[in-house]
Amino acid sequence: QVHVVESGGGLVQPGGSLRLSCTASGNIARIYVMGWYRQAPGKQRDLVAAITSGGSTNYADSVKGRFTISRENAKMTMYLQMNSLKPDDTAVYYCKASSTLYDYWGQGTQVTVSS
């Protein structure tokens with residue numbers, strides 16, 4: 001079993017920055033990719049960014065150039081640095097850790113971008 005916990009959400013003004021963190025614990029030996037997803041009210045959950053254990057990254061077009069994903073493998077911790085935040089970035093942000101067989105989700109952290 002793998003336990004995933006996010007932190008770092010909050011309220012920020014447009015143009016501001018936040019950094020989210022996600023730590024996976026437990027049977028993490030086979031986790032090879034971790035990702036951030038977000039879900040706004042009434043919308044589906046979408047990929048924001050993902051990173052493999054080798055450091056390869058993938059971003060949604062809407063966040064390219066503004067968000068940066070990174071990972072510390074030794075700590076099994078992943079980060080999402082979010083800059084130039086917009087009201088459209090408001091959502092619950094979820095962390096997912098994936099092995100070849102299973103996906104493990106965190107409970108989510110709220111990010112609200114508003115003046």
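The values are calculated or read from the model by the stated rules, or taken from the named source; none is laboratory data. Nothing here was measured: the structure is a model prediction, and the numbers come from that model. All Cβ positions, glycine included, derive from the backbone under ideal geometry; neighbour counts span all protein chains shown. These accessible areas exclude ligands, DNA and RNA; they are computed on the full protein's heavy atoms, side chains included. Shrake-Rupley method; radii C 1.70, N 1.55, O 1.52, S 1.80 Å.
A Förster distance of 30 Å, applied to the separation of the beta-carbon atoms of residue 114 and residue 70, puts the FRET efficiency at 0.70. Sequence-ordered 3J(HN,Hα) estimates for region 71-76 from the Karplus curve with 6.51, -1.76 and 1.60 and θ = phi - 60° stand at 8, 10, 4, 4, 9, 6 Hz, glycine and proline given as x.
Surface exposure of the chain, expressed per residue as accessible area with a 1.4 Å probe, stands at 54 Å². Note on region 49-115: dipole from Cβ charges, positive end direction compared against 79, 93, 111; the farthest Cα belongs to 79. Counting only Cβ charges, +1 for Lys and Arg and -1 for Asp and Glu, the dipole size of the chain around its Cα centre is about 80 debye. Within the accessible area of region 75-115, the carbon and sulfur atoms contribute 45%, probe 1.4 Å, all protein chains present.
For region 12-36, the residues whose backbone nitrogen is under 17 Å from a point 7 Å from the Cα of residue 57, taken along Cα to Cβ, are 17-22, 33-36.
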